[in-house]
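To start, the structure itself, in structure tokens.
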Ligand SMILES: Cc1cc2nc3c(=O)[nH]c(=O)nc-3n(C[C@H](O)[C@H](O)[C@H](O)COP(=O)(O)OP(=O)(O)OC[C@H]3O[C@@H](n4cnc5c(N)ncnc54)[C@H](O)[C@@H]3O)c2cc1C
């Protein structure tokens, strides 16, 4: 910390500007918390957002290897929050999704499910790199005078029926009508509130990286179910050096995944090709760093406490099998910003128990449904039992033959 030089000021703490009281204090400036902050501030709601991490270094390519498939509903939210147009890299639309089942090194089963342009009037989603989203969020966070960004900073929160007091560890104190916990899977605010958490373990780890390939992906994604876990290929916008580029999320058994991730490039590339179930992308070359993420699901038993709401991964974490984790968080924000903007217009108290209950009623049932669906999908597909294999192959082929059902799946996944 820089020592104060102003005469009469002896302590750097006293040199910090005071933080004004706000309507909403958001703890956690990940994609969910940061988007909520931008959306609310745009409507004239006073917001403070706190993150214990420095936000600038999160823009570095080595910080996070994830690429998100952002569905149509969440894309609209990012547009309304003035974030989408700040994305520094082109986002690739997903216009086809092929769902297949098989074993490594074998062609996919002839029973498959394919979502095509006929199933929807717009793309199923848009691929955006985590770091590109970070660049856009960092810029948007600093563009609104209603928004105070406190990062890196830590805070202690005291919540009472009449209001919340936030004490920053640098000594500054301010009040808020509502505190939103957007502090991720290990949410401290959730545990301090004594909200019980249920965890589901998969014994799987995801390998995430980019691949270049011989043939164009034509904006098509692949979800190939394998006995050890699903393998997903997601189309990315190409670069000058790699015109045909995709992201992969390869889920495999814990311990095994880490060994695969450490393989030399050429062997790793062959293992990827063995897991695609088809040869439509041709020869594959890994690009850049590889990341591994242990997979689990979890859900909070409730989303509310006195003047507190949980959003995003603080409320729910799901298997990335359907690429819906962040989308669920964004759907929380769509519902919450709608409720808070209406409350703001009507002069309602943001921490009123009825308002908190409205949020939970709008989000938790749909989130639990998505958690159950992704959990069932993973358990149903991540095994090698021949009877189950036949049943599920008939199931996916059945859905393929019913355009009405295909369209219903698509609308739900797109958040429309
Ligand atoms: C392998 C993998 C692939 C995925 N792929 C997809 C995908 O394709 N599509 C998709 O929609 N989702 C995907 N997800 C899920 C997605 O990454 C998460 O759902 C998303 O990051 C959640 O965002 P969040 O803002 O809620 O939490 P986080 O991103 O975890 O952010 C929490 C923030 O809170 C801060 N924080 C934590 N504790 C404190 C504290 N005490 N005080 C202050 N700040 C604090 C942290 O520094 C952090 O900035 C994937 C996940 C994995 C593991």
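Each value in this text was obtained by applying a stated rule to the coordinates, not by laboratory testing. Predicted model, so just to flag it, every value in this text is computed and none were measured. Note that we place each Cβ from the backbone using ideal geometry, even for glycine, and neighbour counts take in every protein chain shown.
Assorted remarks:
- Hydrodynamic radius of the range 1-154 per Kirkwood, over alpha carbon pairs, in Å: 18.4
- Each part gets one Cα centre, and for the range 290-360 versus the range 222-271 those centres are 30 Å apart.
- Over all pairs of different C-alpha atoms in the range 187-299, the reciprocal of the mean inverse distance, the Kirkwood hydrodynamic radius, equals 15.3 Å.
- Projected label points at residue 21 and residue 302, each 7 Å from Cα along the beta carbon direction, are separated by 2.6 nanometres.
- With viscosity 0.692 mPa s and temperature 37 °C, the Kirkwood radius over alpha carbon pairs of the range 26-79 converts through Stokes-Einstein to a diffusion coefficient of 259 µm²/s.
- Over 11 Å [Cα-Cα, the range 180-221], rounded percent: 79
- Where only C-alpha atoms are counted, convex hull volume of the range 243-387 per residue in Å³: 170
- Fewest-first ranking of 202, 303, using other Cβ atoms within 10 Å as the exposure measure: 202, 303
- Length gained when the stretch residue 118-residue 285 is fully extended (0.36 nm per residue, less Cα-Cα span): 57.0 nm
- Spin-label model distance (nm) - residue 200 vs residue 256, 7 Å beyond Cα toward Cβ: 2.1
- Simple label model, 7 Å out from Cα along Cβ direction - residue 270 to residue 219, nm: 3.6
- For the chain, calculated [θ]222 nm from helices alone, where every DSSP H run of n ≥ 4 adds -39500 (n - 2.57): -10000 deg cm²/dmol
- When DSSP beta bridges are restricted to pairs lying wholly in the chain, around 70% turn out antiparallel.
- At 1.567 mPa s and 4 °C, Stokes diffusion of the chain via Kirkwood alpha-carbon radius, µm² per second: 57
- Kirkwood Rh, angstrom, the range 106-208 [1 / mean 1/r, Cα pairs]: 19.2
- Spatially, the range 72-102 and the range 147-221 are offset by 22 Å when compared through their Cα centroids.
- Between helix 403-414 and the chain there is an angle of about 30 degrees, using the helix long axis and the longest principal axis of the Cα atoms.
- Principal-axis tilt of helix 31-42 within the chain, Cα atoms, nearest 10 degrees: 50
- Counting DSSP beta bridges with both ends in the range 48-193, the antiparallel % (nearest 5): 85
- With Cα atoms, 0 to 90° folded angle of helix 130-141 axis to the chain main axis: 20
- For the range 87-160, the spread of Cα positions along each principal axis, largest first, Å: 57, 28, 28
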